[in-house]
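One structure is given below, encoded as structure tokens.
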Amino acid sequence: PSSITVPPHVEVIGGDMRTFYTLIMTDPDAPSPSDPTEREYLQWIVTDIPGTTSNSFGTEIVSYEIPRPFIGIHRYVFALFQQKGRQTVLPPPSRRNFNTRQFAQQNGLGLPV
């Protein structure tokens, strides 16, 4: 569908403009739901999203990749984390076998909000 060819518009409700968030989108079913050997596959990361705004005000550190489920029906997971400060999140080395929990821990993000 054409609705997935552009990054989704995600609004952050709550907080204030001095609070920043990181948005992560992954595919836990890559390359196929029956054999997810690339679990989790990283689709997108946007950091430094000010509270009460949307992802368009943040910094894309991993560009949006159009979901391409070659086999079966895939789930896509969005996780939003509050940052400790601005420009504190570093991009991961790879999209394949991404681990949201490990990434959050390495960047001091804590639990999803």
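The values are calculated or read from the model by the stated rules, or taken from the named source; none is laboratory data. Remember, it's a predicted structure, so these values are computed and weren't measured experimentally. Don't worry about glycine lacking a Cβ; one is built from the backbone with ideal geometry, like all the others, and counts go over all protein chains shown.
A few remarks follow.
- Pair list, Cβ < 9 Å and 6+ apart or interchain, from segment 94-113 residues that are closer than 12 Å to LEU23 by Cβ to residues that are part of a helix (DSSP H, G or I): LEU109/PHE103; PRO112/THR100; PRO112/ALA104
- Selected residue (criterion: modelled with the lowest pLDDT) from residues of segment 1-33 that are more than 13 Å from GLN43 (Cα to Cα) and among the hydroxyl-bearing types (Ser, Thr, Tyr): SER2
- Of all the listed residues (PRO91, PRO8), the sole one being within 23 Å of VAL113 (Cα to Cα), part of a loop (DSSP other than H, G, I, E, B) and in contact with a strand residue (DSSP E or B) (Cβ under 6 Å, 6 or more places away or on another chain) is PRO91.
- Test: VAL46 is over 13 Å from THR19 (Cβ atoms), in contact with an Asp or Glu (Cβ under 9 Å, 6 or more places away or on another chain) and not in a loop (DSSP other than H, G, I, E, B): yes
- Matching residues in segment 57-88 - criterion: being touching a strand residue (DSSP E or B) at 6+ places or on another chain (Cβ under 7 Å), of a type in the set (S, T, N, Q) and surrounded by 14 or more Cβ atoms within 10 Å (Cβ to Cβ): THR59, GLN82, GLN83
- Taken over segment 49-80, the criterion of being more than 11 Å from the chain's Cα centre (by Cα), part of a strand (DSSP E or B) and either more than 30 Å from GLY15 (Cβ to Cβ) or of a type in the set (Gly, Ala, Ser) (or both) is satisfied by SER54 alone.
- Among the residues making up segment 1-24, a single one is closer than 15 Å to ILE73 by Cα and either free of Cβ contacts under 8 Å to residues at least 12 places away in the same chain or surrounded by 15 or more Cβ atoms within 10 Å (Cβ to Cβ) (or both): PRO1.
- Single residue of ASP35, ASP27, ASP48 found to be surrounded by 12 or more Cβ atoms within 10 Å (Cβ to Cβ) and without any contact (Cβ under 8 Å) to a residue 24 or more places away in the chain: ASP35
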